[in-house]
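First up is the structure itself, then whatever we jot down about it.
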Amino acid sequence: MDFRAIVLGVAFAAMWSSAFTSARMIVLDAPPLTALTLRFLISGLIGIAIARMLGQTWHLTRGQWRATIIFGICQNALYLGLNFVAMQQIEAGLASIIASSLPLMVALAGWMFLGDRTRPLALAGLGAGMFGVLLIMGSRLSGGVDLTGLVLCILAAMALTVATLSVRGLAAKGNLLMVVGLQMLVGAAFLAPVALVTETFTVNWSTRLVAAFAYTTLVPGLVATLVWFVLVERIGAVRAATFHFLNPFLGVSVAAILLGEHLGWIDVLGVAIITAGIFAVQISKTNRIPPAPYVRT
């Protein structure tokens with residue numbers, strides 16, 4: 001792995017992890033589903049426009065449309081929708097830790113339900129990672145974390161796990177950015193009626209809200225996606241996936257710095273265990289499913 005690949009991988013992990021903090025800033029001042037719908041609409045239109053300029057087409061194959069719809073609903077509408085609602089009650093750091101367990105949940109589900117062959121190192125990593133998550137959850141529950149928000153984050157991660165397993169093996173070679181843009185529009189179309197029915201458009205306008213919305217729309221939504229694609233093309237999906245082990249640490253660190261969220265010693269220990277577990281799972285992979293390349297908050 002060369003120096004450029006390392007820079008790209010760290011940049012991707014930092015952008016992905018920071019999205020939880022910017023999302024928390026948004027939902028404290030604006031209705032979550034309405035804000036998310038607007039973000040998907042803007043990101044999707046920008047992504048499609050760039051894809052068209054690059055010569056990509058929206059005439060997708062049947063498999064690409066299937067992947068686009070599944071991810072648009074499961075990732076954008078369910079995963080991000082549930083996370084945005086949950087982060088009205090729970091901290092960004094905890095949400096990022098739960099979301100960061102996605103590689104563990106995908107590997108575990110593949111092993112339990114799809115018969116994926118799993119090496120002993122991966123099994124050890126799964127056990128360690130899940131223990132780290134439970135350790136942090138137990139600490140937060142005893143400290144009075146909102147149970148509804150916690151459950152919503154877990155359901156969100158489960159929805160994305162199902163989506164990842166459902167579309168494995170489907171590719172969009174040469175058309176990736178178009179697929180990303182279209183799936184964002186699918187998410188916007190799915191969430192818009194729910195937001196209209198369940199939310200009141202009451203916004204506490206502030207510089208922080210505008211900056212957080214712009215950042216979330218452009219950086220994690222589009223730039224991180226492009227960085228991920230470049231990284232996968234350069235070193236392959238399995239090796240690129242090792243950078244996910246940075247996400248728990250970066251997620252809680254950014255939230256602590258920008259939002260002043262408290263970090264106890266149990267949180268630090270749990271994050272270290274989860275990080276080690278994810279790393280063990282990823283480096284043990286050979287020709288297994290890659291993590292979802294479109295996972296963003």
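The mean of 1/r over all pairs of different alpha-carbon atoms in region 3-283, once inverted, gives a Kirkwood hydrodynamic radius of 19.1 Å. Projecting the Cα atoms of 108, 98, 276 onto the charge dipole of the chain (Cβ charges, centred on the Cα centre) puts 108 farthest toward the positive pole.
Rounded to the nearest 500, what is the 222 nm mean residue ellipticity of the chain from helices alone, with -39500 (n - 2.57) per DSSP H run of 4+ residues and division by all residues?
On the way: 14 runs with 210 residues, N = 297.
Estimated from H runs of four or more residues: -23000 deg cm²/dmol.
Considering only 266, 155, 198, and ranking their Cα positions along the charge dipole of the chain that arises from unit charges at the beta-carbon of Lys, Arg, Asp and Glu, the one farthest toward the positive end is 155.
Just checking the listed ones, 95, 109, 14: in the Gaussian network model of the chain with Cα springs under 10 Å, the one fluctuating most is 109. In units of the compact-protein estimate 2.2 N^0.38 Å, region 1-151 shows a Cα radius of gyration of 1.24. Residues 113, 71, ranked from the fewest to the most other C-beta atoms within 10 Å, line up as 113, 71.
Since every read-out is calculated from the coordinates, none of them should be taken as a lab result. Everything numeric in this text was worked out from a predicted model, so none of it was measured. Backbone-built Cβ (ideal geometry, glycine too); neighbour counts: all protein chains shown.
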